[in-house]
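Notes follow once the structure below has been shown.
The values are calculated or read from the model by the stated rules, or taken from the named source; none is laboratory data. As the structure is a prediction and not an experimental result, all values here were calculated from the model. All Cβ positions, even for glycine, are placed from backbone atoms using ideal geometry, and neighbour counts span all protein chains on display.
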Amino acid sequence: MGRFAGVLMLMSIAVFQLGAQAGRELEKGRQLFLGMCSRCHGVEGGGGEGPNLNRPVLSRAPDDQALAAVIRDGIPDRGMPRVRRFTDAELHAMVLYIRSLGRTAAVAIAGSPEKGKAVYQRSGCSSCHIIDGEGGSLGPELTSVGAHRAPDYLRQAVVDPAAALPRGVLPIPGRGFNEFLPVRVVTQDGREVRGIRVNEDSFTIQIRDQSNQLYSFRKSDIQTLEKEVGQSLMPDYQARIPGADLDDLVAYLASLGGAK
Amino acid sequence: MRIERFEVLSFFMAVSGAFAQVPYQRIAGADSNPSTWVTYSGNYQAQRFSQLDQINRQNVRQLKPSWVYQMRNSGIVETSPIVADGVMYITEPPSTATALDLRTGRPLWTYTPTIPRDVIIIGSPPVNRGVAILDNTVFFGTVNCHLIALDAKSGIVRWDTVVDDNKKGYYITAAPLAIDGKIIIGVSGAETGIRGFVDAYDAKTGKRIWRTWTVPGPGEPGSESWGGQSWQHGGGSTWVTGSYDPDLHLVYWGTGNPAPDWNDDTRPGDNLYTCSLLALDPDTGKIKWHFQFTPHDVHDWDSTEVPILFDADVQGRRRKVVSMANRNGFYYVLDRQTGEFITATAYVKQTWTDGLDAKGRPFARRDADPKVEGTLVYPAISGGANWWSPSYSPRTGLFYQATREMAGIYFKGDAEYKDGTAYAGGGGETKNGDDAYGAIRALEATTGKLRWEFKLLTPPLTGLLSTAGGLVFGGAEEGNFYALDAETGKPLWELQLGGAVRSPPVSFTLGGKQQIAVTAGTSLFVFGLP
């Protein structure tokens, strides 16, 4: 009996220690996540400019090994940088923490995706955005926007598009650059062009204007080059889409996961 | 005229085979033979200045490609070509040496050693910055840490020496420096916790003549600047080619960060001789003097930038000086006979120190130290400048440097030493894109005062070449290659080459006509006047 009780006690101590160690690892993972991931994925993985991680299956990281690889290497050309080198213990702690986020409930999205699709169609969004190959190409493609952006970010992008221009999702103009940045150019001979920056280098800039016409300038031929940081060519839809419709629209956009 | 005579002479030398192709004296006299480019930075003073003036401010707009060579491997190209006697010698990533016919760009030979599949390269991409030449032999280092000597005519191996154990993380990216009878080489690998060194090898046999550790062992001067056993894996790599003063008979070589880079828990003290410039006796390797730019570094402020030697009137006195645009954001001028600090000036925005004291020691801000949650610091992890070559023009007295204006977030992480694995203790993220920019800056070489700048869209990784034609050649990450007016910084010519320029330009002549060579992406371009 005594021996059995002793074994039980040892086992419970072991379980307790294991639990304490897992707790420490989880906390370590949380600290690392806060420093390196929360700016895009939200403080508790609720998402933002980057996708929310409160989901049981992450599309690019279906298992722990894949998740560790994504943390270690980033996702080139999808905005997710390789931040720094990790020890195996650090990687393990981050995997543990991010997996724990998958067990928390995602923020519920008010609104109906079906109704939101109708809002999208009648609001003229498709004149500038492509979904599944259909629509105009001045603005960002939205085919899989729900997989890349969290609902709050999508809402903000509709009501205040200038507040957060996307960065680093497209390979051009390149990591860290504002995409779809409005620019205003006045040429040496007085012509004015306003549009979005497509690409730029130290000597040239390429622009698409609101009618989607491409312009290419050498900077030496430009009198004024104004980068309108904090602005967007997309009108704000705050007043144009009433509250319930907005919920539906956000629900629709959040449902867009692209090809599986 | 003198140039053409020299080319005729070297033609006969090559045919007769009676003379060494590039004897030491020819490298020491590089400035009087500007038709060739016989050492990494053009001359031993590492000025990367060409005495050629055929291409100048008036005609640079007419530059046209003479030929283009496309490398066979993908990867980042940082090679600085060597040009002698009708042949250009380059390296291709990661560890291939190739000779090209200077007239056409057609390969004459190429040599790729067997690199183990499990080669350990931690801390940088698998790059190589070029070969050295001495007499009839070409020398280069490899990612598995060999130093290899090839017959310059055929590419056949003369000798192949293991510099150190790649299993411990040692590897080579630097171009060797050839001096009289010796090949000097440095190593990479501080991010795996190597103990750094500079080595000298007998050019004929490949036998090691001396090794100077950049981290002193117990009982040696400087060992008191390390806590516990931390010196054993203290870093201090030596991964960029240094310079040489034949008159003072001193080799100048920069040293890299202490290990672990961003976690200093185990290494209290100044961590000598990391983040320093060493003046070495080339006969013995003895450290004649040292200057530590960043004592107890926690930001990866390698001091492996190219040290440029020049003589100038400084504060009313003629002095032999060495200068460096350090990764930490300051431009330093030191007396190169004694190592005495003369002056330093921040050449980019920096927030890690409240300036420097009268001897050049920084008042490092502890609140700028890396943290688990990240610390925002200027400059970013790649520094204000880094391995890409600066240029000094004796004509203008200006020091030209490709500079980076960018903040970084520095993270402290775990560090646990295990042979051949990362021992970096954290890392960094850069605030790039529209938040950052670059600039080619011309500094008064004796003071560091900004004379002019030419802004670039993004922080560059380009080397620079200045010329007697009054030009500065440089590149950009977006593929632009351009010439600036050396006096004013005004852009005079530009061409889009389609890939990032990450190597330093060189100049030489072809059929008596000045050429400029540079790489972009994985192609090498040679330009000349029509």
| Scanning for something of a type in the set (Ser, Thr, Tyr) and surrounded by 18 or more Cβ atoms within 10 Å (Cβ to Cβ), does region A:178-198 turn up at least one residue? | no
| task | Return a yes/no flag: does region B:413-432 have any residue that is more than 11 Å from every other protein chain (Cβ to nearest Cβ), outside any loop (DSSP other than H, G, I, E, B) and surrounded by fewer than 24 Cβ atoms within 10 Å (Cβ to Cβ). | result | no
| request: Among what's in region A:235-253 and is under 20 Å from A:GLY48 (Cβ atoms) and modelled with pLDDT of 95 or more, pick the residue that is nearest to the chain's Cα centre (by Cα). | output: A:LEU253
| query | Scanning for something out of contact with any Leu (no Cβ under 7 Å at 6 or more places or on another chain), within 11 Å of another protein chain (Cβ to nearest Cβ) and either part of a loop (DSSP other than H, G, I, E, B) or closer than 20 Å to B:GLY384 by Cβ (or both), does region B:435-444 turn up at least one residue? | reply | yes
| remark: Restricted to region A:164-201 and to residues being without any contact (Cβ under 8 Å) to a residue 24 or more places away in the chain and closer than 27 Å to A:GLY257 by Cα, the residue nearest to the other protein chains (Cβ to nearest Cβ) is A:GLY176
| Members of region A:56-86 found to be in a helix (DSSP H, G or I) and either polar (S, T, N, Q) or farther than 18 Å from A:VAL169 by Cα (or both), listed by number | A:ASP64, A:GLN65, A:ALA66, A:LEU67, A:ALA68, A:ALA69, A:ARG72
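Run down A:PRO81, A:PRO62, A:PRO76 and say which single residue is out of contact with any Cys (no Cβ under 7 Å at 6 or more places or on another chain) and farther than 16 Å from B:GLU429 by Cβ. Can you show your working first?
On the way: A:PRO81 fails: farther than 16 Å from B:GLU429 by Cβ; A:PRO76 fails: farther than 16 Å from B:GLU429 by Cβ.
Exactly one residue qualifies, and that residue is A:PRO62.
Pick out the one residue from A:ALA89, A:ALA93, A:ALA118 that is in the same structural domain as A:GLY42 (by TED's automatic domain parsing), modelled with pLDDT of 95 or more, touching a helix residue (DSSP H, G or I) at 6+ places or on another chain (Cβ under 9 Å) and not in a strand (DSSP E or B). Can you show your working first?
Values: A:ALA89 fails: modelled with pLDDT of 95 or more; A:ALA118 fails: in the same structural domain as A:GLY42 (by TED's automatic domain parsing).
A:ALA93 is the lone residue from the list that is in the same structural domain as A:GLY42 (by TED's automatic domain parsing), modelled with pLDDT of 95 or more, touching a helix residue (DSSP H, G or I) at 6+ places or on another chain (Cβ under 9 Å) and not in a strand (DSSP E or B).
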| field | Residue in region A:209-232 that is buried (at least 19 other Cβ atoms within 10 Å of the Cβ), of a type in the set (Asp, Glu) and in a loop (DSSP other than H, G, I, E, B) present | value | no
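Being within 20 Å of B:GLY433 (Cβ to Cβ), within 14 Å of chain B (Cβ to nearest Cβ) and not basic (Lys, Arg) is the filter here, so list the residues in region A:202-227 that pass it.
Taking region A:202-227 and keeping what is within 20 Å of B:GLY433 (Cβ to Cβ), we get A:202-208, A:219, A:225-227.
The next check asks that each one be within 14 Å of chain B (Cβ to nearest Cβ); those that pass are A:202-206, A:219, A:225-227.
Within region A:202-227, A:SER202, A:PHE203, A:THR204, A:ILE205, A:GLN206, A:LEU225, A:GLU226 meet the criteria.
Residue by residue through region B:418-438, note down the ones that are of a type in the set (Val, Ile, Thr) and within 17 Å of B:PRO460 (Cα to Cα).
Quick first cut of region B:418-438, residues of a type in the set (Val, Ile, Thr) only: B:421, B:430.
If the condition is that a residue be of a type in the set (Val, Ile, Thr) and within 17 Å of B:PRO460 (Cα to Cα), then B:THR430 is the only one that fits.
Looking at region A:233-260, which of its residues are among the hydrophobic types (A, V, I, L, M, F, W, C), in contact (Cβ under 8 Å) with a residue 60 or more places away in the chain and either surrounded by fewer than 20 Cβ atoms within 10 Å (Cβ to Cβ) or not in a helix (DSSP H, G or I) (or both)? Don't jump to the end; show me each part of the working.
So in region A:233-260, the residues among the hydrophobic types (A, V, I, L, M, F, W, C) come out as A:233-234, A:239, A:241, A:244, A:246, A:249-251, A:253-254, A:256, A:259.
This time we only want the ones that are in contact (Cβ under 8 Å) with a residue 60 or more places away in the chain, so: A:233-234, A:241, A:244, A:246, A:249-251, A:253-254, A:256, A:259.
Correct list: A:LEU233, A:MET234, A:ILE241, A:ALA244, A:LEU256, A:ALA259.
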| task | Output yes when any residue across region B:110-132 is outside any loop (DSSP other than H, G, I, E, B), at pLDDT 95 or above and more than 23 Å from B:ALA46 (Cβ to Cβ), and no when none is. | result | yes
| task | Go through region A:21-72 and count every residue that is within 14 Å of the chain's Cα centre (by Cα), of a type in the set (D, E, K, R) and within 12 Å of chain B (Cβ to nearest Cβ). | result | 1
| request: Among the candidates A:VAL169, A:VAL158, single out the residue that is more than 13 Å from the chain's Cα centre (by Cα) and either surrounded by 15 or more Cβ atoms within 10 Å (Cβ to Cβ) or β-branched (Val, Ile, Thr) (or both). | output: A:VAL158
